[in-house]
Every structure is written in C-alpha cells, then in structure tokens.
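Each remark here refers to the structure printed beneath this line.
Just so you know, all these numbers are worked out from the coordinates, no wet-lab data involved. Bear in mind the structure is a predicted one, so any value in this text is a computation, not a measurement. All Cβ positions, even for glycine, are placed from backbone atoms using ideal geometry, and neighbour counts span all protein chains on display.
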Amino acid sequence: MEYISVSTTCSLYNMSAGKGVAVFCAASESIDKLYVDAAYEVGAMLGRVGASLVYGGARFGLMEATARAAKSAGAHIIGVVPEILVERNRVSTLLDEHIPCRNLSERKDIMLEKSEIVVALPGGIGTLDEIFHVMAAATIGYHSKRVVLYNVNGFWDGLCSVLDNFNAAGFIRGDFERFMVVANSVEELEQLIKEAIDE
C-alpha cells in the first residue's frame, strides 16, 4: 500500500478558540530531545493556524511540550483527563479546559469527538492504542476523520511496513488510505491540518 503524502491531496466541533486537533503522543520523560523539539514545533504550528489542541492533559513528556508551545502561540488547550491522572497529580497546569473522564477508553472517544483531525506524534503503547482505536472506528464507518502519523526521524516507518503487510494480505477493511496519512515534515502536517479545519 502506498501511503498518501500531503501532496495528494469530520462530527464537526467548532468553537471560538479554534477547531480541535487531537494530538496523541508520549508522556514519558526519557525521550530524545529530537522528539521533544518536534513536539514544540507542532504545538507552535497549532497556535499559528488557529487550531485548538485537544490532548490527554498530562504534564510530562511530549504532551507537556506540545501544550506549552501551543499555549505560548495562543492556542486554546483542552485536556481530556482520566481520573487516574488527577489522583496521581499528573495533570498539566496549562489547560484552558479540563474535561474529566473515567478511563483511557472514554478519553479516546472524547478526544475524537472534539477534533477535526488526529495527529500521532512519536509514542509508545498508549499512542498505538489510540491510533488503532481511531482507525478501526473509521474503517467500519463510525467517522471519517483522518489519523496523521507525524513521522519524525522515520519513527513510524516500522508501523507503516506492518500495516502494508496487513493490507496486502487483505486484513484491512475498506479504503484504508483515506483514514491514515503520513506527514514527513511539519509543513506537510500543517497543510493537512489546515485542510481539515477549513472544511
């Protein structure tokens, strides 16, 4: 399968602060600075295009880096926060809106509802869970929103290879290329986000 790039050429959520862009990413503190810098760049871009950041609300790792840069750039920050983060005092202080939820499953659904498009920065098991939750729902028609894998330093190449194998073997339902795209630069990512929030 050939993944769509930005050169080839969702329920809508609108608010005065800007349409929502969901960002899935790692909350780990042991991440190479390369990825932290990329998260800052994405956050700044969200502010520049007038989008609202919808994310998991944790005060660590790429989550905090994205939110801090977005906040500095004037973006509205929406945290969808599971109870366990509150109990463990792991909630960011940057939130303009704090949407509580019971667990990770509920958080994914709320983030999707509040957003026009989903962006996956580098992440671990939690980020993979979020990506596949959104993509699985799209492939059977629950929504038509895209997941964009922001492929910093080739981070998502391995996942794309696995998905290519699944698709070639007939295990992926529907027009998969409509639901997932890969952005290899922040410029490509910005264009995809603009297309989604300008619809």
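For the peptides 108-120, 156-168, 184-196, the ranking by mean Cβ contacts within 10 Å, running from highest to lowest, is 108-120, 184-196, 156-168. Segment Cys160..Leu34, full-extension length gain: 43.3 nm, with 0.36 nm per residue of separation and the alpha-carbon distance subtracted.
Look at (1) -0.71; (2) -0.63; (3) -0.81: the one that is log10 I(q)/I(0) by the Debye sum over Cα atoms at q = 0.13 Å⁻¹ derived from this structure is (2).
For Ala58, the amide hydrogen comes within under 5 Å of the amide hydrogens of Ser92, counting only partners 5 or more places away or on other chains and with H modelled in the peptide plane. From helices alone, the chain scores -13000 deg cm²/dmol at 222 nm; the rule is -39500 (n - 2.57) for each run of n ≥ 4 DSSP H residues, then divide by the residue total.
Relative to the Cα centre, the charge distribution of the chain, modelled as +1 at Lys and Arg Cβ and -1 at Asp and Glu Cβ, gives a dipole magnitude of about 460 debye. Look at where the Cα atoms of the stretch 76-104 and of the stretch 120-184 average out, and the two centres are 25 Å apart. Backbone phi angles across the stretch 76-88, fed through the Karplus curve with coefficients 6.51, -1.76 and 1.60 (θ = phi - 60°), yield HN-Hα couplings of 7, 10, 10, x, 9, 10, x, 3, 5, 5, 5, 4, 9 Hz in residue order; Gly and Pro are listed as x. Farthest towards the positive end of the charge dipole of the chain, among the residues Ser161, Ala120, Ala67, is the Cα of Ala67, using unit charges on the Cβ of Lys, Arg, Asp and Glu.
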